[in-house]
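This report refers to the structure that appears directly beneath it.
The values are calculated or read from the model by the stated rules, or taken from the named source; none is laboratory data. Quick caveat: nothing in here was measured; it's all calculated off a predicted structure. Here the Cβ positions follow ideal geometry from the backbone for every residue, glycine too, while neighbour counts run over all protein chains shown. Note: areas computed on protein heavy atoms with side chains; ligands, DNA, RNA excluded. Shrake-Rupley method; radii C 1.70, N 1.55, O 1.52, S 1.80 Å.
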Amino acid sequence: MNRIKDNVTQNSAADLLAQRRVKWAEWSKQGNAYPNDFRRDSLAGDLLSGYAQDDAETLNKKNKCVTLAGRIILKRDMGKTIFIDIQDMSGKIQLYIKKDQRASPAFDFDTVKNLDLGDIIGVQGLLFRTKTQQLSIRVETVCLLCKSLRPLPDKFHGLSELDKEQRYRQRYLDLISDEKTRKTFQIRSQLINGIRQFLNKAGYVEVETPMMHLLPGGALARPFATHHNALDLALFLRVAPELYLKRLVVGGIEKVYEINRNFRNEGLSTRHNPEFTMLEFYEAYTDYHDLMDLTEVLLRQLATDILGGTTLNYQGEHYDLSKPFLRLTVLEAILKFNPQWTLQDITALNVLQKIAEALKLPTNDSIGKLQFAIFEETVEQKLKVPTFITQYPIAVSPLARRNDKNPQLADRFELYIAGRELANGFSELNDPADQANRFKAQSEAKAQGDYEAMAYDQDYITALEYGLPPTAGEGMGIDRLTMLFTDSTSIRDVILFPLMRPQR
């Protein structure tokens, strides 16, 4: 039965495609089927907002003629009149076409009736209000700019949940069909622009660093490998720009940032995509406390400018950014959400190993790595309100400065909102001898099969030997930030073209 239904669906789609190709062929006989001489002077959204206060009488007096273009998303044939909704990058607006009015020398009323959903047209006409007071355009001329040879999805007002994979594979259909998707990527653009404005105003310099590295570094992550044929060099796609940005601080660019693409050879999930966008910024003569303060101000500013207030609504919960963010150490957070344990429990190796075993986590690790693994397993998803977690074990912070009071801890923070890590920052390690020792430990771990461990970067050590001033740095995930600001549950919803397994 399903096979018969599928065949009928395929035949229907083939028929529609054939019909549209016939229409396109007929239109092609009349001239250029893909003209490029039409110029618009208006956008739908601008007209709707700019003339929102004008009543019918005012519009008639203004006699405002506009020229615009867009895709047909709705057509209502009333016999002697046709109402068409067209959509451009700013929104949609209604067109009104009468039978007794020729649209253009080559485009009469019957031809207009044959237009299909998805066709892209250019129109010129007068603004007016219908009997229902809807702002519309009384069309005087119409021209077909591009024939849509394929019909739009059946469920035009947003592809159904069952078509989620199609939304990702054919994002153009998702953008045509779903206003929420278009809004999501508008907000993403506004976030990136807002970050740039904020940092530029604060005196930061935006730079670009290499995306192909001789050595993978700057983060604990498995890299993608590639090869440069002309130089016969094995290279790695960037996992993070950190080590290059800190070289620039050594060179005197004391406030620097990059909005960059990173590549990490890891699994896919609702929070992970192998290719993602990250903000990284560094400032000399600051520490991680300063960056926590700056991050609070940045997020409040972005929310106010983009959302009109400091409250984020995510998955039915409300998060108030106007209040000071909560600050807890890793150990404080573990105890807060696991009251069954004591401080003595989570600082003793034998007890930590038993806890890890009960949680089905690896047990053959140091105290710091066990604490971090238990934190990730039992705490992360419970950190709903904006929370900075500080004082991470040095064992999981190979590039962060040691804490002066406890050398087993790093001067580091991570920001969590709605149970997800949003940012990671720390006071930078600028002791070349300490950094060299940590690189050695990372190299040994890599040799023993840790694919995420860093390589020994001698050039970076050399740069530190010239002197890196006291510096703090931070990375913030643009994709996860967009998820938070757009109430999106999956990272694929905020990446225009997420990585997908090829279709068979």
Contour minus Cα-Cα distance for Gln53 and Leu16 (0.36 nm per residue): 9.1 nm
Point-to-point label distance, Thr141-Lys336, nm (Cα→Cβ direction, 7 Å offset): 6.6 nm
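Estimate the FRET efficiency between Leu359 and Glu317 by the formula 1/(1 + (r/R0)^6), using the beta-carbon distance for r and 22 Å for R0, to the nearest 0.05.
The pair Leu359/Glu317 has a calculated efficiency of 0.25.
Determine the dipole magnitude for the chain: charges of +1 sit on the beta-carbon of Lys and Arg, -1 on that of Asp and Glu, nothing else is charged, the reference point is the Cα centre, and the result goes in debye to the nearest 20. Intermediate values should be presented prior to the final figure.
On the way: 65 positive and 66 negative charges, 496 e Å.
Result for the chain is approximately 2380 debye, rounded to the nearest 20.
Roll a 1.4 Å probe over the protein chains and send me the accessible area per residue for the range 275-325 in Å². Could you put the intermediate results ahead of the total?
Numbers: 2310 Å² over 51 residues.
Value for the range 275-325: 45 Å² per residue.
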Packing rank of 433-442, 410-419, where each peptide gets the mean count of other beta carbons within 10 Å, highest leading: 410-419, 433-442
Sites Thr81 and Glu165, calculated FRET efficiency, Cβ-Cβ separation with R0 51 Å, nearest 0.05: 0.80
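Within the accessible area of the chain, what % is carbon and sulfur when the probe is 1.4 Å and the other protein chains stay in place? Before the final figure, lay out each step's value.
Numbers: 13310 of 26050 Å².
Its accessible area is 51 percent carbon and sulfur atoms.
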Whole-Å semi-axes of the ellipsoid equivalent to the range 368-504 (Cα gyration tensor, √5λ, descending): 30, 20, 16
Of all DSSP beta bridges in the chain, antiparallel share, percent nearest 5: 90 percent
Solvent exposure, largest accessible area first (probe 1.4 Å, DNA, RNA and ligands not counted), of Tyr282, Tyr244: Tyr244, Tyr282
Nearest-10 value in Å² for the accessible area of Trp341, using the 1.4 Å probe: 50 Å²
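In debye, nearest 20, what is the charge dipole magnitude of the range 397-494 about its Cα centre with +1 on Lys and Arg Cβ and -1 on Asp and Glu Cβ, if you could check? Walk me through the numbers before you get to the answer.
Values: 10 positive and 17 negative charges, 40 e Å.
So the dipole magnitude of the range 397-494 works out to roughly 200 debye.
Under a point-charge model restricted to the Cβ atoms of Lys and Arg (+1) and Asp and Glu (-1), what is the dipole moment magnitude of the range 167-207 relative to its Cα centre, in debye to the nearest 20?
On the way: 9 positive and 4 negative charges, 20 e Å.
Magnitude of the dipole: close to 100 debye.
Would you please give the FRET efficiency between Glu26 and Gln134, computed as 1/(1 + (r/R0)^6) with r the Cβ-Cβ distance and R0 = 35 Å, to the nearest 0.05? Mind dumping the intermediate values first?
On the way: r = 32 Å, r/R0 = 0.93.
Given R0 = 35 Å and the Cβ-Cβ separation, E is 0.60.
Taking 25 °C and 0.890 mPa s as the conditions, I'd like the Stokes-Einstein D for the range 243-292 in µm²/s, using the Kirkwood hydrodynamic radius from alpha carbon pairs.
Numbers: Rh = 12.7 Å.
D = 193 µm²/s.
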Accessible-area value, Glu26, 1.4 Å probe, nucleic acids and ligands omitted, Å²: 90 Å²
With all protein chains modelled, accessible area of Glu377 [1.4 Å, Å²]: 110 Å²
Intensity falloff of the chain expressed as log10 I(q)/I(0), Debye formula with alpha-carbon point scatterers, at q = 0.06, 0.09, 0.12, 0.13 Å⁻¹: -0.41, -0.80, -1.12, -1.23
Positive-pole candidate from Leu298, Val330, Ala348, dipole of the range 295-383, charges at beta carbon: Ala348
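For n ≥ 4 DSSP H runs only, could you compute -39500 (n - 2.57) per run for the chain, divide by its residues and tell me the 222 nm figure to the nearest 500? Could the numbers behind the result be given before it?
Numbers: 15 runs with 175 residues, N = 504.
The helix-only estimate for the chain comes to -10500 deg cm²/dmol at 222 nm.
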Listed residue (Leu399, Gln170, Ile93) projecting farthest to the positive dipole end of the chain, Cβ model: Ile93
Relative contact order (%) - the chain, alpha-carbon pairs under 8 angstrom, separation at least six: 12 percent
Signed unit charges on C-beta, dipole axis of the range 370-459, positive-most listed residue Gln371, Ala453, Ser427: Gln371
